[in-house]
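Peer 1: Below is the structure I would like to discuss, written out as structure tokens.
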Amino acid sequence: MERQRRNSIALQALCIALMAASMGTVECAWRSVHLPGGGQGSATKGGAVRRRAHTASLTDFGGVGDGTTSNTKAFRTAVAHLAQFAGNGGGGMLFVPAGRWLTGPFNLTNSFTLFLHRDAVILATQDMSEWPVIDPLPSYGRGRDHPGGRYSSLIGGSHLTDVVITGDNGTIDGQGAFWWKKFHEGKLKYTRGYLIELMHSDQIFISTLTLLNSPAWNIHPVYSSDIVISQITILAPVHSPNTDGINPDSCSHVRIEDCYIVSGDDCVAIKSGWDEYGIAVGMPSQHITIRRLTCISPTSAVIALGSEMSGGIQDVRAEDITAMDSESGVRIKTAVGRGAYVKDIFVRGMNLNTMKWVFRMDGNYKSHPDNKYDPKAIPVVKDISYSNIVAKNVKQVAKLHGIPNAPFTGICISNVTVQLAAKAKKQRWTCSDVEGVSSGVTPAPCASLQRAVAKPCPFPADRFTY
């Protein structure tokens with residue numbers, strides 16, 4: 001396996017060197033190898049990489065990597081050129097060489113790979129005239145920052161199949177401080193764009209990149225399926241607004257693994273629409289696996305479910321999670337008016353250090369798109385399992401509050417040891433409207449969770465095949 005990977009990298013390096021020396025387009029092809037690690041081509045089941053028949057460099061289309069020249073036209077022209085090779089044409093790969101490539105938003109195409117050299121930096125322009133305003137998502141009904149539309153994401157696409165965004169740990173820099181300042185000063189008319197957003201798409205593979213300073217969310221697949229996000233580093237100041245790391249939204253069959261995230265908001269947040277708009281679209285997020293995640297987020301969660309969850313969230317498995325200096329390990333956020341459900345959530349193997357809470361549940365998360373939500377749309381939260389968790393320097397073990405007359409049920413907590421901080425809260429657990437069982441939990445949980453369970457909390461076998 002390692003020899004295959006090295007051989008592939010050598011072939012890729014040779015091809016890229018030829019491409020850099022060529023005045024024209026060089027077409028590269030190599031055999032499929034197995035990931036993880038800087039593969040080029042398209043992802044297939046099991047993590048194999050399918051070759052692309054046609055490869056071009058951004059410089060072939062007039063790209064200038066000096067950090068000041070706009071490359072928006074070059075990116076869009078390059079993608080349009082390679083789009084002709086989608087499907088039976090064998091697909092296309094756009095190579096971004098070393099340099100600083102300033103650009104406005106651009107969309108990808110089918111059967112396409114965007115590959116960044118290790119010294120390549122895609123820089124988001126601060127020229128707002130280059131950021132188109134697009135419609136709000138149907139499942140949200142409005143922008144998240146403001147009613148109405150939203151700015152396009154830097155790298156986007158819709159109704160695509162077989163899309164790869166990867167590289168040799170190249171960088172995508174959103175230059176977000178420009179946007180954060182305007183957001184705090186109330187000078188934006190529309191919701192900020194994201195770094196990467198792919199909609200209504202499938203067979204998505206995002207790997208081996210560093211994402212910096214997004215205007216808001218970093219990676220946002222929405223209404224999509226068969227998604228792998230692997231070996232991604234995401235960095236933003238810990239007090240930057242809404243710089244969530246990875247947010248699958250009304251998506252199914254998602255695998256997030258081996259990622260390192262420092263964020264001003266949730267490191268991973270699973271969503272599925274907002275109140276009546278999400279209920280109307282009715283597309284859940286489901287069959288999601290999160291593995292080997294490392295997170296720092298002092299004001300937010302390591303893994304969040306919601307608060308926008310009105311299409312439903314189910315069958316989420318997270319394991320081997322490491323976090324430090326973060327607000328909460330796992331947080332469920334919902335409210336009356338959201339409707340739908342959060343169910344069949346399984347978390348196993350967390351190592352946490354310096355936290356406000358290990359577990360948090362909020363049934364009264366007061367955030368609505370408008371006043372048209374249905375007060376009879378009561379979310380169901382049930383069958384939540386947490387096991388094999390060690391946490392140190394924690395202020396309070398848990399803050400768990402369900403919904404009056406609609407308690408959160410089927411909570412199972414086993415084999416959990418929490419070491420409280422020197423200045424921890426006197427009340428180690430606070431609970432209301434939650435019901436469940438526990439075993440081997442220290443400090444002992446609240447009364448509504450103290451019914452003993454004879455065996456460890458469940459963690460089903462992973463059925464992920466993509």
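Peer 1: Name the residues in segment 386-410 that are more than 13 Å from residue 360 (Cα to Cα) and of a type in the set (S, T, N, Q), would you?
Peer 2: 387, 388, 393, 405, 409
Peer 1: Identify, from the list 308, 327, 319, the residue that is under 24 Å from residue 288 (Cα atoms) and crowded, with 21+ Cβ neighbours inside 10 Å.
Peer 2: 308
Table: residues versus (1) under 16 Å from residue 312 (Cα atoms); (2) touching a strand residue (DSSP E or B) at 6+ places or on another chain (Cβ under 7 Å); (3) touching a residue at least 12 places away in the same chain (Cβ under 8 Å).
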position	(1), (2), (3)
340	yes, yes, yes
344	yes, yes, yes
366	no, no, yes
370	no, no, yes
382	yes, yes, yes
401	no, yes, yes
404	no, no, yes
408	yes, yes, yes
411	no, yes, yes
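Peer 1: For residue 409, work out the one condition from (1) more than 24 Å from residue 290 (Cα to Cα); (2) surrounded by fewer than 20 Cβ atoms within 10 Å (Cβ to Cβ); (3) not basic (Lys, Arg) it doesn't fulfil.
Peer 2: Evaluating residue 409 over (1) more than 24 Å from residue 290 (Cα to Cα); (2) surrounded by fewer than 20 Cβ atoms within 10 Å (Cβ to Cβ); (3) not basic (Lys, Arg) leaves (1) as the failure.
Peer 1: If I go through segment 182-197 residue by residue, how many of them are closer than 13 Å to residue 215 by Cα and surrounded by fewer than 24 Cβ atoms within 10 Å (Cβ to Cβ)?
Peer 2: Number of matching residues: 5.
Peer 1: I've got another one for you. Against the condition farther than 17 Å from residue 340 by Cα and touching a strand residue (DSSP E or B) at 6+ places or on another chain (Cβ under 7 Å), how does residue 270 come out, does it pass? Don't jump to the end; show me each part of the working.
Peer 2: Working: farther than 17 Å from residue 340 by Cα: no; touching a strand residue (DSSP E or B) at 6+ places or on another chain (Cβ under 7 Å): yes.
Against the criterion (farther than 17 Å from residue 340 by Cα and touching a strand residue (DSSP E or B) at 6+ places or on another chain (Cβ under 7 Å)), residue 270 does not qualify.
Peer 1: Related question: How many of the residues making up segment 237-277 are open to solvent by 10 Å² or more (accessible area, probe 1.4 Å) and either of a type in the set (A, V, I, L, M) or part of a strand (DSSP E or B) (or both)?
Peer 2: 8
Peer 1: Exactly one of (1) surrounded by fewer than 24 Cβ atoms within 10 Å (Cβ to Cβ); (2) part of a loop (DSSP other than H, G, I, E, B) is unmet by residue 216. Its number?
Peer 2: That leaves (1) as the condition not met.
Peer 1: Looking at (1) buried (at least 24 other Cβ atoms within 10 Å of the Cβ); (2) at pLDDT below 95, which is the one condition that is false for residue 366?
Peer 2: Exception for residue 366: condition (1).
Peer 1: Only residues that are part of a helix (DSSP H, G or I) and within 7 Å of residue 311 (Cβ to Cβ): list them for segment 278-292, please.
Peer 2: Those that are part of a helix (DSSP H, G or I) and within 7 Å of residue 311 (Cβ to Cβ): 278, 281.
The values are calculated or read from the model by the stated rules, or taken from the named source; none is laboratory data. Since the structure is predicted, the reported quantities are computational estimates derived from the model, not experimental observations. Every residue, glycine among them, receives a Cβ derived from its backbone with ideal geometry; neighbour counts consider all protein chains shown. Side chains included, ligands, DNA and RNA excluded: accessible areas come from the protein's heavy atoms. Shrake-Rupley method; radii C 1.70, N 1.55, O 1.52, S 1.80 Å.
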